[in-house]
Amino acid sequence: MKKPPIIWTNALLFALTLSATIILIPYREISHGFELIEWITFVVLAFASGLSITAGYHRLWSHKTYKAHWSARFVFALGGALALQNSALHWSSDHRVHHKHVDDNEKDPYSANMGFWYSHIGWMLREYHAHRYHDYKNVRDLQNDKIVMWQHHHYLTLALLMNIGLPIFLGWLNGDIASMLLMAGLLRLVVVHHCTFFINSLAHIWGSQPYTDKNTARDNGFLALLTYGEGYHNFHHIFENDYRNGIKWWHYDPTKWLINLLAWCRLAHGLRVSPQERIDTAALQMQLKRTQNNVARLQNADELLDKLQSEYEELKTHLNAYYHAKKQLLDAKKKQLMVKDLSGKVKELKLKLLEQQKQWKLLTQAYA
Ligand SMILES: [Zn+2]
Ligand SMILES: [Zn+2]
């Protein structure tokens, strides 16, 4: 099959910035050296642009997992121009298609089934999607956001100002324009590009599938470190309306922390979370499915499968009972009713549930 024509602006941008980084950064380090302030600016701008993509483009605009004050949206629009990943409108349109048609080689703009290279960067290098005219019909809601449209219409100017103008200004302040351009402009751009591209490539290839195996998305704690917390991608693809990606307290999810911080400063509100009962149920179903597959290969499979099924049913009953009682308690508290009996019941059910979960863990791990 003949490959579609190359998109030269993208190909040159990615090739030149990467090769310039590989050559110029070590050369400058050896011949001149970088100052601490230049390294600090690199880190600050890497987080500013990366988080504008993850908290702004992704969780705010693509998925509407929370609402943000105009000042936060304005900063995300500037950070998105710094990240050089197209306008928020265009990015969100692509991303909504990715979720709707995930892994479909025809429709998903960065389908992981096309391999690492394609989902990482290849999809942007050729006219693979020339047939898919961007009419932005799937982002009509975003067209009402004045900041989104302002950024969309002035994207090139903003991108040049942020990627060249800003480092020149910072370098002028520090008395070394060339070093700042290399560090805060070039190196930062290339690092943030590839770290965020990992979400489309590696986060669909490498890691576990605790919540669903209906798509290629993976959970990967190490990748979360490189992707501003977006490494919990298996969770994200099933609970895409949740403002969190890492849901456990020990999960590294700076995007979630930033949204929490914005909410604390009253710059964000309406943070959406998925009901814990649905999350637990999804995880439980995956554990059942995986263990069933493992057990099916064994000699006494029928007996074990029956046992597994009955343990699963029992645990699910306990789970439902616990969440039901918890909801009752919450409702009663809202109505300011006496809740002593109810909270005792919730505690009791929780203990039973924990006991049941322990047994389930032992059983499923035995056949892992
Ligand atoms: Zn998403
Ligand atoms: Zn994805």
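The values are calculated or read from the model by the stated rules, or taken from the named source; none is laboratory data. Source: prediction; values computed, not measured. Cβ sites come from the backbone with ideal geometry, for glycine too, and all protein chains shown count toward neighbours.
Filtering the range 198-257 to residues that are within 18 Å of residue 48 (Cα to Cα) and among the aliphatic types (A, V, I, L, M) leaves 199, 224, 225, 226. Taking the stated definitions as given, is residue 223 away from ligand 1 (no atom under 14 Å from the Cβ) and over 11 Å from the mean Cα position of the chain (by Cα)? Taking the combined requirement at face value, the residue does not satisfy it.
A quick yes/no check of all residues on (1) assigned to a helix (DSSP H, G or I); (2) surrounded by 14 or more Cβ atoms within 10 Å (Cβ to Cβ); (3) within 33 Å of the chain's Cα centre (by Cα):
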site: 302; (1), (2), (3): yes, no, no
site: 308; (1), (2), (3): yes, yes, no
site: 312; (1), (2), (3): yes, yes, yes
site: 333; (1), (2), (3): yes, no, no
site: 344; (1), (2), (3): yes, no, no
site: 353; (1), (2), (3): yes, yes, yes
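Return a yes/no flag: does the range 172-195 have any residue that is among the aromatic types (Phe, Trp, Tyr), farther than 30 Å from residue 368 by Cα and over 24 Å from the mean Cα position of the chain (by Cα). Yes: the range 172-195 contains one or more residues that are among the aromatic types (Phe, Trp, Tyr), farther than 30 Å from residue 368 by Cα and over 24 Å from the mean Cα position of the chain (by Cα).
For the range 209-219, the condition of being in a helix (DSSP H, G or I), under 22 Å from residue 254 (Cβ atoms) and either within 16 Å of ligand 1 (Cβ to nearest atom) or modelled with pLDDT of 95 or more (or both) holds for none of the residues. Looking only at residues of the range 198-208 that are of a type outside the set (A, V, I, L, M) and buried (at least 20 other Cβ atoms within 10 Å of the Cβ), we find that the one that is nearest to ligand 1 (Cβ to nearest atom) is 200. Looking across the range 335-350, the residues that are of a type outside the set (S, T, N, Q) and closer than 13 Å to residue 325 by Cα come down to 339, 340, 341, 342, 344, 345, 346, 347, 348, 349, 350. The conditions of being surrounded by 18 or more Cβ atoms within 10 Å (Cβ to Cβ) and away from ligand 2 (no atom under 16 Å from the Cβ) are met by residue 259. Does residue 96 qualify as being at pLDDT 95 or above, among the charged types (D, E, K, R) and surrounded by 14 or more Cβ atoms within 10 Å (Cβ to Cβ)? Here the answer is yes, as residue 96 does meet what is asked.
The residue pairs whose first member lies in the range 105-127 and is among the charged types (D, E, K, R), whose second member is within 16 Å of ligand 1 (Cβ to nearest atom) and assigned to a helix (DSSP H, G or I), and whose beta carbons are closer than 8 Å, counting only pairs six or more residues apart or on different chains, are 107/97; 107/100; 108/97; 108/98.
From the list 147, 177, pick out the single residue that is touching a residue at least 12 places away in the same chain (Cβ under 8 Å) and in the same structural domain as residue 105 (by TED's automatic domain parsing). Sole residue among the options that is touching a residue at least 12 places away in the same chain (Cβ under 8 Å) and in the same structural domain as residue 105 (by TED's automatic domain parsing): 147. Residue count for the range 121-150 under the criterion of being surrounded by fewer than 15 Cβ atoms within 10 Å (Cβ to Cβ), of a type outside the set (D, E, K, R), closer than 23 Å to residue 193 by Cβ and out of contact with any Ser or Thr (no Cβ under 9 Å at 6 or more places or on another chain): the result is 1. Any residue that is crowded, with 22+ Cβ neighbours inside 10 Å and part of a loop (DSSP other than H, G, I, E, B) - is there at least one of those in the range 273-280? The answer is no; no qualifying residue exists. Taken together, the residues in the range 65-88 that are closer than 20 Å to residue 192 by Cβ and away from ligand 2 (no atom under 16 Å from the Cβ) amount to 16.
List the number of the failed condition for residue 295; all other conditions in (1) of a type outside the set (D, E, K, R); (2) out of contact with any helix residue (DSSP H, G or I) (no Cβ under 7 Å at 6 or more places or on another chain); (3) modelled with pLDDT under 95 hold. Exception for residue 295: condition (2). A single member of 352, 307, 361 is in the same structural domain as residue 285 (by TED's automatic domain parsing) and closer than 21 Å to residue 275 by Cα, and it is 352.
Any idea which of (1) modelled with pLDDT of 95 or more; (2) more than 16 Å from ligand 2 (Cβ to nearest atom); (3) not aromatic (Phe, Trp, Tyr) is the one residue 106 doesn't satisfy? Here residue 106 clears every test but (1). Within the range 222-251, being more than 15 Å from ligand 2 (Cβ to nearest atom), surrounded by 20 or more Cβ atoms within 10 Å (Cβ to Cβ) and within 20 Å of residue 286 (Cβ to Cβ) holds for 244, 246. Restricted to the range 11-123, the set of helices (runs of 4 or more DSSP H) holding at least 3 residues that are more than 16 Å from ligand 1 (Cβ to nearest atom) and either in the same structural domain as residue 144 (by TED's automatic domain parsing) or more than 18 Å from the chain's Cα centre (by Cα) (or both) comprises 36-51, 70-83, 116-120.
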